[in-house]
Amino acid sequence: MQGFWAEKRVTVTGGAGFLGQHLVRRFEHLGAKVFVPRQRDYNLTTLDACLRCLLEHPCDLLVHAAAYYGGIGINVTEPARLYYTNLVMGAHLMEAARLAGVAKFVAIGTACSYPGYLEGDLKEDDLWAGPCHASVVNYGLTKKMMAVQAQAYKRQYGLDSIHLILTNLYGPGDSYNPDRSHVVAALVRKWVEAELARVPSVEVWGTGRPIREFLYVEDCADAIVLAAEKYNECALPLNIGTGIGTSIRELAETIHEVSGYRGKMVWNTDKPDGAMKKVLDVTRMRRELDGWTPPTDLRTGLAKTIAWYRANKAQADAKW
Ligand code: GDP
């Protein structure tokens, strides 16, 4: 096989997880030799395991896609586990990468790292322009620390890395566990189950007014592979998103239409809204990735996701 990734050794942490599975498939399709460390063999919250992983499986590119994460619910119930797991995993893995001589480290970051109270779309230059939203600070800050560490490691050790800031993802293989899920997976499951049980209504959290951006997971995997090849600015994070804001109400109505279930929506305003707006500015992404833009529109992505969930419900519900 020809091409940039042919025969390259790529390690993807979290490669068995939601985003990771799609990333691995994409890299393999392009001819890379991919290794996925599994938790039972390498507990990446320890430096010893991170280093052992990279020495036993040397790689040209390390994509750190592993995370302990979830929607607005888990940020309320497990803030300490979110904080500790993600912070130490990122810190140890980057330290191990420089000790093992990894050529390039791709840090998968999150839009939760952005200031939570800014007006307008979120630009990379505003990453440090204010505090994270209180609803996601325990997750958002840990990922942001990787951007700080990356600059220090570039300066002192010459480690090459990039920091990609992902917007909210959805699609096949997501967590459909209601304690952990993000809004799309949560609503898809609620709708499909309401239809199966023939119940007359579905509960949706909050006011429906917050605005979010939704990126289909396969598109996100394509963007990461492209960025891993083409983007090299350690000091400048790169947003990965659609740049399109959709209100939670509009999202819920679209899922309602696409699913075909005709029950009612009941808004529970005792549940938190979270940040009022989280939409990335994708100007730099388009420029750096040769004009790339996500090909899957929301309605198409939701139809694929609902079809996948219906066909794989038992397996999806049992995971995470
Ligand atoms: P966030 O983007 O970090 O705030 O995480 P979520 O994807 O969990 O939530 C996005 C928005 O969807 C919030 O305003 C939630 O209140 C709203 N939402 C509506 N219904 C649900 C639901 O059933 N589950 C979740 N997780 N969020 C919901």
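The slack in the chain from N312 to Q151, taken as 0.36 nm per residue of separation less the alpha-carbon distance, amounts to 53.8 nm. Shape call for the range 238-316 from the C-alpha gyration tensor, a ≥ b ≥ c root eigenvalues: rounded (a/c under 1.5), prolate (a/b greater than b/c) or oblate? Note, shape of the range 238-316 comes out oblate. FRET efficiency for the L55 to D273 pair, using the beta carbon distance and R₀ = 41 Å, is estimated at 0.35. Altogether, the Stokes-Einstein calculation at 10 °C and 1.306 mPa s, with the Kirkwood radius of the range 208-264 over Cα pairs as Rh, returns a diffusion coefficient of 115 µm²/s. When +1 charges are put on Lys and Arg Cβ atoms and -1 charges on Asp and Glu Cβ atoms, the dipole computed for the range 35-139 relative to its Cα centre reaches about 380 debye. Placing D222, D281 in order of accessible area, with the largest value first and a 1.4 Å probe, yields D222, D281. Among the trypsin sites (Lys or Arg not before Pro) found in the range 194-248, those both in a DSSP coil and sparsely packed, with 10 or fewer other Cβ atoms within 10 Å of their Cβ, are R198. With the simple spin-label model, which puts each label point 7 Å out from Cα in the Cβ direction, the A16 to A197 separation comes to 3.1 nm. What nm value, rounded to one decimal, do you get for the distance between E229 and E250 when each label is placed 7 Å out toward the C-beta? Rounded to a tenth, the inter-label distance reads 3.2 nm.
Calculated on the Cα set of the range 59-100, radius of gyration then Dmax: 12.7, 38 Å.
Principal semi-axes of the equivalent ellipsoid, √(5λ) from the alpha carbon gyration tensor of the range 161-214, are 26, 14, 8 Å from largest down. The angle between the Cα long axis of helix 47-56 and the main principal axis of the chain comes to about 70°, on a 0 to 90 degree scale.
When the square roots of the Cα gyration tensor eigenvalues are ordered a ≥ b ≥ c, the ratio a/c for the range 5-100 is 1.5 or more and a/b does not exceed b/c, which makes its shape oblate.
Extension gain for Y84-K123 works out to 11.3 nm (0.36 nm per residue, less the C-alpha to C-alpha distance).
Is the shape of the range 75-150 rounded, prolate or oblate, going by the alpha carbon gyration tensor and its root eigenvalues a ≥ b ≥ c, with a/c under 1.5 for rounded and a/b larger than b/c for prolate? Oblate, since a/c reaches 1.5 and b/c is not below a/b. In terms of distances greater than 30 angstrom between alpha carbons, the cross-link table entries K264/K313; K33/K304; K190/K230; K264/K319 yield K190/K230. Using only side-chain charges placed at the Cβ, +1 for Lys and Arg and -1 for Asp and Glu, the dipole size of the chain relative to its Cα centre rounds to 420 debye. Rg and Dmax of the chain, both derived from C-alpha coordinates alone, stand at 19.2, 61 Å.
Each stretch of four or more DSSP H residues adds -39500 (n - 2.57); spread over every residue of the chain, this sum gives -13500 deg cm²/dmol at 222 nm. For T110, the amide hydrogen comes within under 5 Å of the amide hydrogens of L166, counting only partners 5 or more places away or on other chains and with H modelled in the peptide plane.
The values are calculated or read from the model by the stated rules, or taken from the named source; none is laboratory data. Quantities reported herein were computed from a predicted structural model and do not represent experimental measurements. Every residue, glycine among them, receives a Cβ derived from its backbone with ideal geometry; neighbour counts consider all protein chains shown. Protein only, heavy atoms only, side chains kept; ligands, DNA and RNA dropped before computing areas. Shrake-Rupley method; radii C 1.70, N 1.55, O 1.52, S 1.80 Å.
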